[in-house]
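Bear in mind these aren't lab numbers, they're just calculated from the coordinates by the rules spelled out. The structure displayed is predicted, hence computed values, not measured ones. In this analysis, Cβ positions are derived from the backbone assuming ideal geometry, glycine residues included, and neighbour counts consider all displayed protein chains.
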Amino acid sequence: MIVKSITLSFVVLLAASIIVTVIIFNAVPELTENLNQFTETALGFSDIPSPYSGSLYSFIFFNNIGHFWNPIRMIVWIPFLGPFLLGLEVLLNSGIIGIVAVMVGARNGVVYPIIGLVPHGIIEIPAFLFQLSAIVLWQVTLSEAILTKLKGRTLEKSKFKVGIQDTAIFAITSIILMGIAALIETFVTPYLLGI
C-alpha cells in the first residue's frame, strides 16, 4: 500500500509538472530561453565526469543515494518531522524530472528525453520509490511504537520487527537498483544519446 501510494503521488506530480511546464513554455517562450541559458551556466560550473568512466558511475551513484543517506538529508528518517520533508522530496524530484524532460524535448525533439531517461529511469525511479517507501514504513513503524509507549500499552514486538525488516529490505533493494541504474546511465545512456 505504501509503495502504491508513493508511486501514484510521484506519477501524478510528474505528469502535472510536465503539463504545467509545457503550458508555461508555450505561454511565455522567453522563459524557455532563459531557463536554457541558466541550465547551460549551471552545467558549466559543475564538474561532471566524462561518460563511460568509473568516475561518472561513482558521481551518479553517490548523488542518487545521497538523497537519503547523507547526514544532512537523513532528517527525513526522524519520526513526525520526516514526512513533511519527504513530501517535499517527492514534489521536487518529480517536478524537476518533468521540467528537464520538457526542456530537453523542446531543444532536441521529443524522442531525445525519452531515450535519455527511459533506459535508466525504468530502474532508477522504482529505486527512489522503494527508498521513499522505506522511509515512510520506518516513519509509520517508529511512530506507532512511540505512540504505543506514550499511551502505556505493550508494544507488539513481532509487528515492530516486521516493520523494521521490511524497511531494511526496501532500503537495500533501493541501493542495489540505484547501482544498476547508475551503470546504465554511465555506459548505456551516453551511447544511446550519441555522446
Counting only residues in the stretch 50-61 that are more than 13 Å from the chain's Cα centre (by Cα) and in a helix (DSSP H, G or I), the one surrounded by the fewest Cβ atoms within 10 Å (Cβ to Cβ) is identified as GLY54
The one condition ILE135 fails out of (1) closer than 17 Å to THR7 by Cα; (2) of a type outside the set (D, E, K, R); (3) assigned to a loop (DSSP other than H, G, I, E, B) is (3)
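VAL102 - would you say it is touching a helix residue (DSSP H, G or I) at 6+ places or on another chain (Cβ under 8 Å) and within 19 Å of LEU13 (Cβ to Cβ)? It would help to see each step written out before you state the result.
Values: touching a helix residue (DSSP H, G or I) at 6+ places or on another chain (Cβ under 8 Å): yes; within 19 Å of LEU13 (Cβ to Cβ): yes.
So VAL102 fits the description; yes.
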Selection over the stretch 109-125 where residues are among the hydrophobic types (A, V, I, L, M, F, W, C), farther than 20 Å from ASN63 by Cα and part of a helix (DSSP H, G or I) yields a count of 3
